[in-house]
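*Asks:* Below is one structure. I have some questions about it.
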Amino acid sequence: MSQRTSGCIPSDMSTSPFAVRMLGITKRFPGVVALDDVTLEVRRGEVHAICGENGAGKSTLMKILSGVYHPDAGVLEVDGRDTRFTGTRDAERAGIAIIHQELALVEDLPVAANVFLGRERRGALGLLDDSSMAEECSSLFSQLDCAVDPGDRTGNLRVGDQQLVEIAKALSLDASIVVMDEPTSALTEVESARLERTIQRLVAQGKTILYISHKMDEVFRLADRITVLRDGRHVKTVDTTATSPREITGWMVGRDIAGHDFHGSRPRGDKLLEVRGLSLPWPEHPRGYRLNDISFDLHAGEIVGIAGLMGAGRTELLEVLFGAGDDTWTGSIELRGRPVRFRHPREACEARVAMVTEDRKRLGLFPDLDVAGNVSLCALREALRNGLLSRTAEEQLAAGPVRDTGVKTPGLHATITGLSGGNQQKCIIGRWLLTKPEVLLLDDPTRGIDVGAKAELYTLIDGLCRQGLGVILTSSELPELLTLADRILVLAEGRLTAELARAEATEARIMEAATAG
Amino acid sequence: MTPPNDAHSRRSSEGSPAPQGSAAPRLRRTAWLGLRPAEWALVAAIVVAVLLTGIVDSNHSYFRLPWQSLTDILRNTALLGIFALGATVVIIAGGIDLSSGSMIALSGTIAATTMLALAPKEIMAFKPVGPAVVGVGVLAALLTGFLVGTLHTWLITAVRLPPFIATLATLVGLRSFARALCESCTLGVVGTKSAQINVSDPIFKAIRDNVWIPVAVFALLAVFTWLLLTRTVLGRHIHALGGNEQAARLAGIRTENVKWFAYCFGAMTAALAGLFYVANESVAAPVNQGRGHELNAIAAAVVGGCSLSGGVGTVPGTVLGAIFLRVVIDAVSKIIKTGADVYEGLIVGVVVVIAVTFSQLGALAKGGTRLLPGAIGLCAIPTLSLLTGALAAMTAGRNGGIATGVGALFLLGLLRVWESRRSTT
């Protein structure tokens, strides 16, 4: 392998109490200082959480630790030795494995091939030794106490299992330091709980864990110490026992975040939507259906929350309501007393139903259009002057929702991908507000959005509801539903297992219904 | 052997190293006089190419016969440009149309066979067939374009073939179909099989003799396409479709219909170009007419700034790309003189690589990426030197070839050394 490696200068061979020390790290990118004199000290064998809003510099810091980036200034010490990585391979050799937020797996290859990608074992004649790799893989998975078949096509695994593949890869590298960049952002509660057990097992084996997360409950359950970054600067490193979630989020955003609650009763209006006996078949699956016999109502001025584990059918339900899925469902949907059956999202738009999709980047954003173009897209006809699009009219059109939803942008010409996740989401909500919807479907709208922006989105959604919209909201985070929703429907494996009024809903009751067999 | 540098490959695979969210959002690059910086660079490249050709060409034909040179370039540019505009729309919509060269052949053949069927005696006797017959022939050709575009859309949206496969099938299929049609029509109408049909109606001759006709058609079509892409809802939907197809559908855009328009526009512009090729050569010859031209159209679009992943591209860019391509091809023919068409493909290839690399020169200069990294870079040095040396040997003789090859080897070696030193400091 590469001879052009780091100059690993052994300066202090005595065992340092720190697995990793990053001192005075500075990293600049054209036009922005991503990290400014950041210091991070991680003790051997601890779970060290790194918290910060999007853009605080967490990922950049981890990319420096894993050899992706070079710092412009600062010292990196691994196991007490001054270290300079010239590539990710160097970091791997030093025992650092990183599990990126966006998993880096080749979906078409089997699990074992992914675990050994780039370090394939070879047997006789230099041919691949698949059986030995599969065996090693099985033993890694049994260490992790989970049942993943090394021969399965990786793309067929659920996201939670794919993450375990990454962890197995880290184990196979014999990494002593494992970095996890927002590992639970795509996981269900059950999968998150399993991941927590996995992390505890890794710690028991003497590994050091660096854990990046937005989710305070997880951080406080797992971490020994917490480092908070804000705007590329180090704010504080504290013992978990000596602080509170409220204090941490306060440091993250630089202000005290009040526990937002929208308990003020919203006036409930006419019935907008009546769903009766909705079923969506799933022939190739043993269960036979994606949704089975779902019935509920939605009124104007009401937020109905939909809870459920991943695969429970939350997204499928919204897709049926929006005409975005397969048109094979049975049952009835009435919109303002009129039966509807949308075959294309266009028909839903025309009937004043709007949907903000789950995966912003993949299903919502147009990276080549600017902010104005992204916002005005669904209502472009209103920007026609003499039959042609007028840029001025388009900007006037887009300016309204950009202002109303509180998008922070340097201008309507700005590239949408340069905005933060929260502002991108506000742009997409603004896009749909231009279609003057009566029913707004929000599929996990705050996923991957930082704490401050979440609170802003809650205020926005509550405000829209008070203006008379009917909102259906799904979320992978229960506190979010409890904060916003008037009623909560719980789905479990495609069936409606509970309908809870806000007063009777608790996390425990929802989880109970979501895991009902 | 040196294995690839991980840090380097990681960085380039991630694109710009902007950190999440915190980077100040980029503002759209300002256009000056309607053209972006890259397009001004193309304008400059065109001027430089013309001036160089005028000086290097030993006949100095640009100075002695400016009008004739201009006419040549204009005609070729207009013909290429017409269906390059179609390719631009298809590419921005996130597709690709490999079949335009064959569509050119089919369009000419349809027009000629229609006229042959309607006025067999006049065609065989090289006599005028009259505007009505010509009109029907032209309409039949354009209608064929619409049908082929529809076929593409059906294959792509209903049969769910990738656009590359669907239009690869028609690339080989349509030309063959055109040849069969030509042979069976001539056999049926005249009694003898023929691989081509002569078209000598005065209307076609007028088009051949008046260069402003194809130029005017190209200009009108360019203005139309520009308005379409920048000032209509459909145009915006084309950009949205190419930028993110799933999001476009979920935003309520009838993506199938947008694709239908794009592929029909692509095929119909090729059909229109096919008519001009027939007029130019006074013959519909499906064996060779338009052969390989699909790649020139795609090259013009790419040189003009279109991204093959869709969503990005402009009409001024494609127009300049087409002019640039034709100017360079013309330059080679002026400089080499005899048998220059042999080098046409080579020139198009080199121009595309250079033009697309040019847009990344900024990153290379800043020290982000290396042009000759690792073992691949090492092996690329003799490859490139051999290529330039062989080229020079064929055009300037053996000694010139050796000198050029050795010179290239030396320069590339120097670049390699400089890059390695820069990356270690």
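*Asks:* Just to be sure, is B:P162 under 30 Å from B:G94 (Cβ atoms) and in the same structural domain as B:E256 (by TED's automatic domain parsing)?
*Replies:* Yes.
*Asks:* Restricting segment A:340-350 to residues that are out of contact with any strand residue (DSSP E or B) (no Cβ under 6 Å at 6 or more places or on another chain) and surrounded by fewer than 21 Cβ atoms within 10 Å (Cβ to Cβ), which is farthest from the other protein chains (Cβ to nearest Cβ)?
*Replies:* In this case the residue turns out to be A:R341.
*Asks:* If you don't mind, another one. If only one of A:T435, A:T506 is within 24 Å of the chain's Cα centre (by Cα) and of a type in the set (S, T, Y), which one is it?
*Replies:* After ruling out the rest, the residue left standing is A:T506.
*Asks:* Anything in segment B:167-222 that is over 28 Å from B:G321 (Cα atoms) and among the charged types (D, E, K, R)? List them, or say none.
*Replies:* Scanning segment B:167-222 gives B:R179, B:E183, B:K193, B:D201, B:K205.
*Asks:* Considering every residue within segment B:314-337, establish whether at least one is farther than 22 Å from B:V90 by Cα, away from chain A (no Cβ under 14 Å), assigned to a helix (DSSP H, G or I) and free of Cβ contacts under 8 Å to residues at least 40 places away in the same chain.
*Replies:* Scanning segment B:314-337 turns up at least one residue that is farther than 22 Å from B:V90 by Cα, away from chain A (no Cβ under 14 Å), assigned to a helix (DSSP H, G or I) and free of Cβ contacts under 8 Å to residues at least 40 places away in the same chain.
*Asks:* Is it true that B:R208 is of a type in the set (K, R), surrounded by fewer than 24 Cβ atoms within 10 Å (Cβ to Cβ) and within 14 Å of another protein chain (Cβ to nearest Cβ)?
*Replies:* no
*Asks:* Right, here's the next one. Got a sec? Which strands (runs of 3 or more DSSP E) wholly within segment A:200-247 have at least 1 residues that are outside the structural domain of A:E53 (by TED's automatic domain parsing), farther than 14 Å from A:T184 by Cβ and of a type outside the set (A, V, I, L, M)?
*Replies:* A:208-212
*Asks:* Being within 23 Å of A:A453 (Cα to Cα) and away from chain B (no Cβ under 14 Å) is the filter here, so list the residues in segment A:29-84 that pass it.
*Replies:* Result: A:A49, A:C51.
*Asks:* For segment A:438-479, give me each residue that is assigned to a helix (DSSP H, G or I) and not aliphatic (A, V, I, L, M).
*Replies:* Selection gives A:G452, A:K454, A:E456, A:Y458, A:T459, A:D462, A:G463, A:C465, A:R466, A:P479.
*Asks:* Looking only at segment A:93-112, filter to residues that are over 19 Å from the mean Cα position of the chain (by Cα) and surrounded by fewer than 22 Cβ atoms within 10 Å (Cβ to Cβ); which one of those is nearest to the other protein chains (Cβ to nearest Cβ)?
*Replies:* A:R93
*Asks:* Tally time: how many residues in segment B:235-270 are touching a Phe, Trp or Tyr at 6+ places or on another chain (Cβ under 8 Å), within 14 Å of B:D97 (Cα to Cα) and among the hydrophobic types (A, V, I, L, M, F, W, C)?
*Replies:* 4
*Asks:* Let me ask something else. State all residues of segment A:374-405 that are under 21 Å from A:L442 (Cα atoms), more than 7 Å from chain B (Cβ to nearest Cβ) and of a type outside the set (D, E, K, R); if no residue qualifies, say none.
*Replies:* A:N374, A:V375, A:S376, A:A379, A:A398, A:G400, A:P401, A:V402, A:T405
*Asks:* Also: Is segment A:415-433 home to any residue that is surrounded by fewer than 23 Cβ atoms within 10 Å (Cβ to Cβ), modelled with pLDDT of 90 or more, within 12 Å of chain B (Cβ to nearest Cβ) and touching an Asp or Glu at 6+ places or on another chain (Cβ under 8 Å)?
*Replies:* no
*Asks:* Related question: Of the conditions (1) out of contact with any Gly (no Cβ under 6 Å at 6 or more places or on another chain); (2) not in a helix (DSSP H, G or I), A:A508 fails just one. Which one is it?
*Replies:* (2)
*Asks:* Checking B:L187 against (1) assigned to a helix (DSSP H, G or I); (2) buried (at least 16 other Cβ atoms within 10 Å of the Cβ); (3) of a type in the set (A, V, I, L, M), which single condition isn't satisfied?
*Replies:* The one condition B:L187 does not meet is (2).
*Asks:* Let me ask something else. What residue, among those in segment A:442-455 that are farther than 23 Å from A:G373 by Cβ and away from chain B (no Cβ under 11 Å), is surrounded by the most Cβ atoms within 10 Å (Cβ to Cβ)?
*Replies:* A:T446
*Asks:* Output yes when any residue across segment A:312-322 is closer than 26 Å to A:T497 by Cβ, in contact (Cβ under 8 Å) with a residue 12 or more places away in the chain and facing another protein chain (nearest Cβ under 7 Å), and no when none is.
*Replies:* Looking through segment A:312-322, none of the residues is closer than 26 Å to A:T497 by Cβ, in contact (Cβ under 8 Å) with a residue 12 or more places away in the chain and facing another protein chain (nearest Cβ under 7 Å).
*Asks:* Related question: Cβ-Cβ below 9 Å, separation at least six or inter-chain, first residue in segment A:359-380 and of a type in the set (D, E), second in a strand (DSSP E or B): which pairs?
*Replies:* Taking only residues 6 or more apart or on different chains, the pairs are A:D359/A:D443; A:D368/A:T415; A:D370/A:A414; A:D370/A:T415; A:D370/B:L27.
*Asks:* In segment A:139-171, what residues are over 25 Å from the mean Cα position of the chain (by Cα) and crowded, with 18+ Cβ neighbours inside 10 Å?
*Replies:* Once the filter is applied, which keeps residues that are over 25 Å from the mean Cα position of the chain (by Cα) and crowded, with 18+ Cβ neighbours inside 10 Å, segment A:139-171 yields A:L140, A:P150.
The values are calculated or read from the model by the stated rules, or taken from the named source; none is laboratory data. Small disclaimer: the values here were computed from a predicted structure and weren't measured. Cβ: placed from backbone, ideal geometry, glycine included. Neighbour counts: every protein chain shown.
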